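**Q** Just dropping this structure here.
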Amino acid sequence: MPLVPMRAILEAAEKYNYAQGAFNVNAVAQAKAVIEVHEMFRSAAIIQGADLANAFMGGRTDFANGTLEDKKVGANNIAKAVKQYAENSPIPVALHLDHGKTIDSCVAAMDGGYTSVMIDGSSLPFEDNIALTREVVKLAHARGVTVEGELGVLAGVEDHVFSATSTYTNPLDAIKFIKATGVDALAISYGTKHGANKGANAVIRKEIAIATKECLLHEGIFCALVSHGSSTVPQYIVKEINALGGTITNAHGIPRDQLIEVSKLGIAKINVDTDIRLAVTRNLRELFWYNPELRSHESIKPIYELLQTKTSDFDPRVFLTPIMDTVMYGVVPNEDVALIVGAIEKGVKEAVGTLIVDFDSYGKAPLVENVTLDEMAERYRKAGI
């Protein structure tokens, strides 16, 4: 089916009291795998491309320095792949821009085919964050595109999102922000943390989510609450990576039981990136470990060499630069690259499938309304938002 606005998926999660996982991808094979594993569990799917993921998918291997033009190309590449695999899928699929930092980045994503965008003004003063977010809402809602904002600051590092400390979200400020901007979803800061090093004893401040949700109910406002920095960082995968030659240290995630709890306390969308990175990296290392003859095969030898020299890295983008046509367009030129693609897909399905069950979105795909962007735009127009 055609891609749906993310709001339709979030409305179902809100109504039926479960959380929808939102999973970041950086390659065509990852997008394909995310859709396929959601189909297996009959769950709707939210696929996320971060701002810098768009740069990488636009061919910029030094993606941290990606230009707006790189991001435009990448947005088109990701959207084309997601549309291709979603077209004949029985589940609703939304494509969401994660951590868009500028209006131009959000517009580039919408022009490319994204059905939802995040504008992250959380580092700005409160009123400036409102002004920036409101402008994106005006542009997006006219197209039927969902908008996620952010209030409060998460500690940690993920792509170009960095903060040494957290600033928790004030529930009353959240209500003011939502009323002033008209956002469909709001990422809150309540104890989660970006990246793989969340600390060995991470604790979610669930009372912030509960209070914010109660305020929304009291005001009669729809806005889905979002949990960023929510990767669980499975310790068994970290141990396996290190047993296969990796040197990852201080890697800890958010305990799964805490995420399961908040999924019933008002959090409707839970973002996950690091778990996928770890599972894919483990699979790449495992492929060469158990098939040493592949290490000298011309088309994938550079991947092996990167794995050998960058032992503390676990972002697959570091290792996949030798096969950018495969990353960007899904091209599989030979059997060796097919093995790499297979390893990527299996890693994604392992990480994502577990969380579909944890977040209770399995079997919920039929609950999501099949609404088009044009229909959603008309709803926004009538509601004046």
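**Q** Hey, what does the equivalent ellipsoid look like for the chain, semi-axes from the Cα gyration tensor as sqrt of 5 times each eigenvalue, largest first, whole Å?
**A** Sorted largest first and rounded, they come to 32, 22, 19 Å.
**Q** Another one. Taking the Cα centre as origin and putting +1 on Lys and Arg beta-carbons and -1 on Asp and Glu beta-carbons, what dipole magnitude results for region 254-318, to the nearest 20 debye?
**A** Once rounded to the nearest 20, the dipole reads 100 debye.
**Q** Expressed as a whole percent, how much of the Cα-Cα distance distribution for region 1-114 exceeds 25 Å?
**A** Tail of P(r) above 25 Å: 19 percent of Cα pairs.
**Q** Work out, in µm²/s and without decimals, the Stokes-Einstein translational diffusion coefficient of region 261-345 at 10 °C, 1.306 mPa s, Rh from Kirkwood over C-alpha pairs.
**A** Working: Rh = 14.0 Å.
Result for D is 113 µm²/s.
**Q** Using only Cα positions of region 1-40, each an equal point scatterer, no hydration layer, compute I(q)/I(0) via Debye at q = 0.32 Å⁻¹ and quote the log10 values to two decimals.
**A** Listed by q, the Debye log ratios stand at -1.11.
**Q** Quick check on region 300-385: what are the equivalent-ellipsoid semi-axes from the Cα gyration tensor, as sqrt(5λ), descending, whole Å?
**A** 38, 18, 14
**Q** Give the peptides 356-366, 180-190 in descending order of average Cβ contacts within 10 Å, highest first.
**A** 180-190, 356-366
**Q** So how tilted is helix 206-219 from the main axis of the chain? Cα-based, degrees 0 to 90, rounded to 10.
**A** The angle comes out near 40 degrees.
**Q** Let me ask something else. Two decimals is fine: what is log10 I(q)/I(0) at q = 0.09, 0.21 Å⁻¹ for region 238-385, from a Debye sum with one equal scatterer on every Cα and no solvent?
**A** -0.42, -1.25
**Q** Per DSSP helix of 4 or more residues, -39500 (n - 2.57); summed, then divided by the residues of the chain. What does that give at 222 nm, rounded to the nearest 500?
**A** About -15000 deg cm²/dmol.
**Q** To the nearest 20 debye, what charge dipole does region 11-66 have about its Cα centre, counting +1 at the Cβ of each Lys and Arg and -1 at the Cβ of each Asp and Glu?
**A** Magnitude of the dipole: close to 80 debye.
**Q** Using the structure shown, select from 32/346; 71/101; 239/264; 32/213 the pairs with a Cα to Cα distance greater than 22 angstrom.
**A** Pairs exceeding 22 Å: 239/264; 32/213.
**Q** Place the peptides 126-133, 208-215, 90-97, 144-151 in order of packing, highest mean first, counting for every residue the other Cβ atoms within 10 Å and averaging per peptide.
**A** Result, highest mean first: 144-151, 90-97, 208-215, 126-133.
**Q** I've got another one for you. Give me the angle, in degrees from 0 to 90, between the Cα long axis of helix 28-40 and the longest principal axis of the Cα atoms of the chain, rounded to the nearest 10.
**A** That works out to roughly 70 degrees.
**Q** Another question about this same structure. Of all alpha-carbon pairs in region 76-129, indicate the percentage at a distance above 16 angstrom.
**A** 48
**Q** What do you get for Rg/Rh over region 165-320 if you use C-alpha atoms and the Kirkwood form of Rh?
**A** So for region 165-320, dividing Rg by the Kirkwood Rh gives 1.13.
**Q** Oh, and also: With Cβ to Cβ distances under 15 Å as the rule, what net charge do the other residues near residue 348 carry (K, R +1; D, E -1)?
**A** On the way: positive: 32, 277, 282, 317, 346, 349; negative: 36, 39, 273, 275, 286, 315, 345, 350.
My count for the surroundings of residue 348 gives -2.
**Q** Within the chain, what percent of beta bridges assigned by DSSP are antiparallel, to the nearest 5? Kindly include the intermediate steps, with their values, before the conclusion.
**A** Numbers: 4 of 37 bridges.
Among the beta bridges of the chain, antiparallel pairing accounts for roughly 10 percent.
Coordinate-derived values only; no laboratory data. This one's a predicted model, so the numbers in the text were calculated from it and none came from an experiment. Every residue, glycine among them, receives a Cβ derived from its backbone with ideal geometry; neighbour counts consider all protein chains shown.
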